Amino acid sequence: MMATAFADTDPTETAPASVSAVASDPSATAASKAISQDEPEASPRLLMFRSVLSGLIWPITGIVAFLGLWAVLAPQVDTSLGTLPGPAEVTEAGFGLYEEFSAAKDAEAAFYAQQDANNAAAIAAGTPERVRDFTYAGPPTFLDQIITSLETVALGFFLATIFAVPIGLMAGLSTRFNAAINPLVQIMKPVSPLAWLPIVTMVISAMITSADPLLPKAFVISALVVMLCSLWPTLINTAVGTSSIDKDLLNVGKVLRLGWFDKLTKLVLPASLPYIFTGMRLSLGVGWMVLIAAEMLAQNPGLGKFVWDEFQNGSSQSLSRIMFAVIVIGLIGFLLDRGMMALQTLVSKNRTV
Amino acid sequence: MKFTGGFGFSRRGVLAAVMASAALAACGETPSEGEGTIVAASLGGEVEKPNLKFGFIKLTDMAPLAIAKEKGYFAEEGLNVTLEPQANWKVLLDGVIGGQLDGAHMLAGQPLAATIGYGTKADLIAPLSLDLNGNAITLSNKVWDMIKADLPKGEDGKPIHPISAEVLKPVVESFESQGKPFNMGMVFPVSTHNYELRYWLAAGGLKPGYYSDGDVQGVIDADVKLSVTPPPQLPATLEAGTIEGYCVGEPWNQAAVFKKIGVPVITDDQIWNDNPEKVFGLREDFAEKYPATTAAMLRAIIKAQQWLDADGGANRKEAVEILSRPNYVGADAEVIAASMTGVFTFEPGDTREAEGFNIFFDKFAGYPYYSAAIWYLTQMRRWGQIADDKDDQWYFDTAKAVYRPDLYLAAANKLVEDGVIPAESVPETDGYRGEQSGFIDGITYDGSKPNDYLAKFPIGLKAGQSVTAAGVSSE
């Protein structure tokens, strides 16, 4: 089994929203019990409020302490671009990016308004061949870059899943197949996205020759790199989940003379689904991490390219903008993980065999 | 100069001639008519491919592209252009070759090297030169401190320019005696910066190293070892101590001054007065397939070049503001202004007049001279990137296959006709600038005699010499 240090070990214990997580936290429940014994007249609503408060107090303390340390220590680090930006500068950079975003939207609207006016004038003047239907070619905004990144990781993750799950199932069901692919998996698993990138780039460049391909090359390259790096946790977890099915279940299947398809859909898949989803959750985390590296080099216009372009800019604003991007990358990674965890919980609850 | 087959062609020359005539035949005309008229004839019409994407590297000499977009010149020509910064020159080149980019701000050596098959092989052309000058060589503070005292000073107490690389000799020796290599950075194996840095070092008696057939590091028999780093990362690499100096375009020399990590010692204008710099490069088949689009983009860029040099640089301030936006060069405006507004800062406090540091339009900056292409080819031969001797005709043919003044003239003449640019801004020339002086070592260059030129260098490959891993060997 693969497990990350901060992964919740038992998915059934943890619910997605933080409030309910607090409610199910044994220590928090104990605390609220203690309170209710001391003050029997407290209303249940107040109790709940208190338990939420006591559950939030430490995380908030942690964040505040971190921000305080950051604010104090950052000005001590002197780089060639000035001192390291503190929380205030980074927040400012966030507002700056928002302003750029609204300015870009205004410019886009102005572009289309101008184009429409030109087209109307062209038609009025009897020269319909002068009508233009251009899409706005301005620089991508920060939000555009976030969206591109999410699309890229979604495609890469989707490809990884449809590739890894069937192979994992086969490996779990057949010890020979498992033995055959195991060394390959072990060797490919630790390869960095940076090593895959040149290979993928050359192959994709050779394969997509159309002048106007359906998907931009850089997008496909980044997505494939994400896939290559993120499919391993799903593959391994699926294999482990499949191979650890209760032998009695399989024997029952034999007695009932289930065909292989029925065996797969009625026994194997339901039993290994929690494992598969654990693997997918880890895969998504890995995919999001390598995406940034892939985008930096593949020139896919996402968050990675944003970070790299800002590093290349080397202006006095660059560091705080990069830090803002780092926070956004972290937040999105967190949300993706929580989303997968919710899915995982749902699957484990409904599919107990 | 005409493409007439002749005896004494090298194999590559013949190949180039065959390819060029095939290209001409593809245009549906007889090859005997000469190439300019053919393409020019099909330049009028409607733009075939209005949605275009151009790549650039974050350098101030990409300015004509940014200005053509921001001042609406592309739009005037019916083009909808996206400009995309690229991570490094290799990514940019692959983007153009692979078709993700329709054209790009390129190193002059890139279309030449691609066409002769050094690095990735592809048929690229350069129908327009983007600018003259614009580079400089920066040394780390450590090395600057070591040479500063020995520099000859003028009456004002400031070093007399140009500073010769000879002053580096004792520094390189002291590095050697400590068993450390003396490393410097440049941006790409076939970059102007590589050749300019090598020119400066060799003019000062330091060997910058040779390339051999199998070795692309270019450090064989080197006193100073050169390595490749993308332009925007050079200051960080210098700061990290990996290299002791670099040659790069702006704003990355001024960035070193502002960050107080290094001191620019010489501009490329001082190494070779008014040297040709970047080009606008695209695929040959693109220009053939979309002649009207190609002409339209060239007209837009020429208009932008004129705007950049108009009224003695009156527009430069606005250009600096545009370039400082994060989606273009993105460096701080004051850093970009430090080289784009007629001055250049060397040591802090030593800011000098540098009127000609960036020329985009004046002095026929946009015209793609064959002699400029041949200079790059001679440098490729000088340092072993071209492994064996080529006759003069090979140089002429290669230059002619890549540099395309016919396309430039078609676009520029249309602008003259429309009264947009003055007639005297378009040169009457056969593509060769004649005898050119203005080099730091006093050697003169005549593009029509490339092999004679190569024979003049004290350091560099001579006729009959080749490079192996062991060093330079004569036949």
*Apply the Debye scattering formula to the protein assembly as shown, with a single equal point scatterer on each alpha-carbon and no solvent, then give log10 I(q)/I(0) at q = 0.08 Å⁻¹.*
-0.81
*Distance from segment A:210-250 to segment B:349-424 (C-alpha centre basis), Å*: 50 Å
*Which FRET efficiency value, to the nearest 0.05, do you get for A:GLU92 and A:ILE332 by plugging their Cβ-Cβ distance into 1/(1 + (r/R0)^6) with R0 = 30 Å?*
0.90
*Net charge over other residues, Cβ less than 13 angstrom from the Cβ of A:GLN115 (K, R count +1; D, E count -1)*: -1
*asked:* Could you report the accessible area of B:GLU355 in Å², rounded to 10, computed with a 1.4 Å probe on the protein chains as they sit in the structure?
replied: 140 Å²
*Which whole-Hz couplings ³J(HN,Hα) result when phi for each residue of segment B:216-232 is put into the Karplus expression 6.51 cos²θ - 1.76 cosθ + 1.60, θ = phi - 60°, listed in order with x for Gly and Pro?*
9, 6, x, 10, 6, 6, 9, 7, 10, 8, 9, 9, 9, 9, x, x, x
*Chain lengthening between B:ASP213 and B:GLU46 when straightened (0.36 nm per residue, less Cα-Cα)*: 55.5 nm
*What are the residues whose amide H is under 5 Å from the amide H of B:THR468, where those residues sit 5 or more places off or on another chain and H is modelled from the backbone?*
B:SER473
_Taking a ≥ b ≥ c as the square roots of the Cα gyration tensor eigenvalues, with a/c under 1.5 meaning rounded and otherwise prolate when a/b beats b/c, else oblate, which class fits chain B?_
oblate
_Give the residue list of trypsin sites (Lys or Arg not before Pro) in segment B:180-276 that are DSSP loop and have at most 12 other beta-carbon atoms within 10 angstrom._
B:LYS260
*What figure in square angstrom, to the nearest 10, would you give for the accessible area of B:ASP391 with a 1.4 Å probe?*
50 Å²
_Sequence-distant residues sharing a close amide H with B:THR82 (under 5 Å, placed H)_ = B:LEU52, B:LYS53, B:PHE54
*Could you tell me whether segment B:285-438 comes out rounded, prolate or oblate from its Cα gyration tensor? Rule is a ≥ b ≥ c as square roots of the eigenvalues, rounded for a/c under 1.5, then prolate if a/b exceeds b/c, otherwise oblate.*
oblate
*For segment A:256-353, state the average projected area of the convex hull of the C-alpha atoms over all orientations, rounded to one decimal in nm².*
8.0 nm²
_Cut-off 10 angstrom, C-alpha nodes, Gaussian network model of chain A. Which of A:THR141, A:THR79, A:THR152 fluctuates the most?_
A:THR79
*Arranged from highest to lowest average of other beta-carbon atoms within 10 Å per residue, in what order do the peptides A:102-114, A:165-177 appear?*
A:165-177, A:102-114
*asked:* For peptide A:132-139, what's the mean number of Cβ atoms from other chains within 10 Å of each residue's Cβ?
replied: 5
*Anchor B:LYS390: lysines whose Cα lies under 27 Å away (excluding residues fewer than 8 positions away in-chain)*: B:LYS2, B:LYS90, B:LYS121, B:LYS207, B:LYS225, B:LYS278, B:LYS400, B:LYS449, B:LYS456, B:LYS462
_Potential lengthening between B:LYS153 and B:ALA469 on full extension [0.36 nm per residue; Cα-Cα distance subtracted]_ = 109.6 nm
*Shielding by partners for B:325-333, please: the mean number of other protein chain Cβ atoms within 10 Å of each residue's Cβ.*
6
*For chain A, list log₁₀ I(q)/I(0) at each q in 0.07, 0.09, 0.10, 0.15 Å⁻¹, using the Debye formula over Cα point scatterers of equal strength and ignoring solvent, two decimals each.*
-0.47, -0.74, -0.87, -1.30
_With a cap of 15 neighbouring Cβ atoms within 10 Å, and only residues DSSP puts in a loop, list the GluC sites (Glu not before Pro) found in segment B:413-473._
B:GLU428
_Give me a comma-separated list of calculated 3J(HN,Hα) values for segment A:133-139, in order, Karplus coefficients 6.51, -1.76, 1.60 applied at θ = phi - 60°, integers in Hz, x for any Gly or Pro._
10, 8, 8, 4, 10, x, x
*Of the lysine pairs in segment A:142-349, how many meet both conditions: Cα atoms under 27 Å apart, and a spacing of 8 or more in sequence or different chains?*
11
*Out of segment B:116-212, which GluC sites (Glu not before Pro) are coil in DSSP terms and have no more than 13 other C-beta atoms within 10 Å?*
B:GLU155
_7 Å from Cα along Cα→Cβ at both B:ALA455 and A:ALA124: what's the point-to-point distance in nm?_
7.2 nm
*Any chance you could run the full-extension gain for A:GLU108 through A:LEU346? It's 0.36 nm times the residue separation minus the Cα-Cα distance, nm to one decimal.*
81.4 nm
*Euclidean distance of C-alpha centroids, segment B:115-152 and segment B:300-333, integer Å*: 22 Å
*Add +1 for every Lys or Arg and -1 for every Asp or Glu among the other residues with Cβ under 12 Å from the Cβ of A:LEU331, and state the total.*
0
*Enumerate the calculated ³J(HN,Hα) couplings along segment B:447-460 in order (Karplus 6.51 cos²θ - 1.76 cosθ + 1.60, θ = phi - 60°), each rounded to whole Hz, writing x wherever the residue is Gly or Pro.*
x, 8, 10, x, 6, 4, 4, 4, 5, 7, 7, x, 10, x
_Label-point separation, B:GLU173 to B:THR242 (7 Å along Cα→Cβ), nm_ = 3.1 nm
_Förster radius 60 Å - calculated FRET efficiency between A:ASP133 and A:MET289 (Cβ-Cβ, nearest 0.05)_ = 0.90
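Hey, what does the equivalent ellipsoid look like for segment A:214-310, semi-axes from the Cα gyration tensor as sqrt of 5 times each eigenvalue, largest first, whole Å? Show your work: numbers first, answer last.
Values: eigenvalues 325, 34, 11 Å².
For segment A:214-310, the semi-axes come out at 40, 13, 7 Å.
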*asked:* Can you compute the equivalent ellipsoid semi-axes for segment A:142-349, i.e. the square root of 5 times each eigenvalue of the Cα gyration tensor, sorted largest first and rounded to whole Å?
replied: 37, 19, 14
*asked:* Keeping all protein chains in place and using 1.4 angstrom, which order do B:ASP397, B:ASP145 fall into by accessible surface area, from largest down?
replied: B:ASP145, B:ASP397
*For A:ARG176 and B:ILE160, FRET efficiency with R0 = 51 Å and r from the beta-carbon atoms, rounded to 0.05?*
0.05
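The values are calculated or read from the model by the stated rules, or taken from the named source; none is laboratory data. The shown structure was predicted, so the numbers you read here are calculated from the model rather than taken from an experiment. When we count neighbours, we look across all protein chains shown, and the Cβ atoms used for this are built from the backbone with ideal geometry, even at glycine. Protein only, heavy atoms only, side chains kept; ligands, DNA and RNA dropped before computing areas. Shrake-Rupley method; radii C 1.70, N 1.55, O 1.52, S 1.80 Å.
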